[in-house]
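The values are calculated or read from the model by the stated rules, or taken from the named source; none is laboratory data. From a predicted model like this one, the values you see are computed outputs, not experimental measurements. Reconstructed Cβ throughout: ideal geometry from the backbone, glycine too, with neighbour counts over all protein chains shown. When the accessible area is computed, the model is the full protein with side chains, heavy atoms only, and any ligands, DNA or RNA have been set aside. Shrake-Rupley method; radii C 1.70, N 1.55, O 1.52, S 1.80 Å.
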Amino acid sequence: MEETLPQEENELIAEDEVVQESELPKEEKEPEKVYLSFVDSVKKIRLLETDQDYFTARQTPSQGRQLVSYADGKFQRRFYDNDFRLEKVEYWKQGSTSAQSVVEKLLVFNPENAWGVHSVFEKNYAKQYEKRSFYFSDGRLKSERKNYFDQDGNLLSFDAISIKYDKALRAVQERVQKYNVEKKSVKLFSDEIRNTKYNGKVLEETSYYKNSILRVRTIYQNFDKGDYVRATYFDGGIIVRDFYRENVKVDSTIVNGGLREN
């Protein structure tokens, strides 16, 4: 995932660069608000601060080019490489002390490889999970794995997602496999598959399987108009069919053990 900054913003502040402090004209101030800005020697804004927002651009030899912004009690710090491609984003929650100000989420971006695939790593400290996602160069998700942890950092479970596309680059299958981890033993407890069929450019059918058992099937008479039939399959041979016209359910039938009930 690459991000290119506008040309006029490409020159971030150097560690030893001299800046000067200035204030916006009084007529541009709002009541009970103080606006403060720092401008460098070439008249580029390097810091802008109000009572609610904060933004600064800087560059250091050790951590490279950075953009730091603040709003609604949260900080973001964005890191860029020498070509101004986004490498990493840190999301901070502001506390009353420095010790209470913590990183809630971290995103790390890897450049494209020879197969045209790039990856994003996310570590969410607040919700205790981490995720690695692989994307094609056009932004389509290829696969993903999400790990869940307990308070001590032990792996509890993880989800593995994979997506298949047709020649028109439409997602025709999404598979989500859920695993539990107990005493370092991995066990698959759920395998969900969503299939989509097209007749040319027209959506024809979708189906949902859980652990190789068909659970939901939707057949479209006219997708654009919202005309379709959705069948839900329950254990014991019970099938509920709902009929929709213009996305509104107009009828329903139940098949129970081979006996049809209206």
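No other residue among 193, 219, 163 is over 30 Å from residue 117 (Cα atoms) and either buried (at least 17 other Cβ atoms within 10 Å of the Cβ) or modelled with pLDDT of 95 or more (or both) apart from 219.
With the structure loaded, tell me whether residue 149 is touching a strand residue (DSSP E or B) at 6+ places or on another chain (Cβ under 9 Å), under 30 Å from residue 128 (Cβ atoms) and surrounded by 11 or more Cβ atoms within 10 Å (Cβ to Cβ) or whether it fails that test. The answer is yes for residue 149. Of the residues making up the stretch 227-253, those that are in a loop (DSSP other than H, G, I, E, B) and open to solvent by 90 Å² or more (accessible area, probe 1.4 Å) are 234, 235, 246, 247.
Listed by first and then second residue, the pairs linking a residue in the stretch 187-206 that is touching a residue at least 12 places away in the same chain (Cβ under 8 Å) and farther than 14 Å from residue 220 by Cβ to a residue that is aromatic (Phe, Trp, Tyr) and open to solvent by less than 90 Å² (accessible area, probe 1.4 Å), with Cβ atoms under 9 Å apart and 6 or more places separating them unless they lie on different chains, are 190/179; 191/209; 192/208; 192/209; 193/208; 193/209; 194/208; 194/209.
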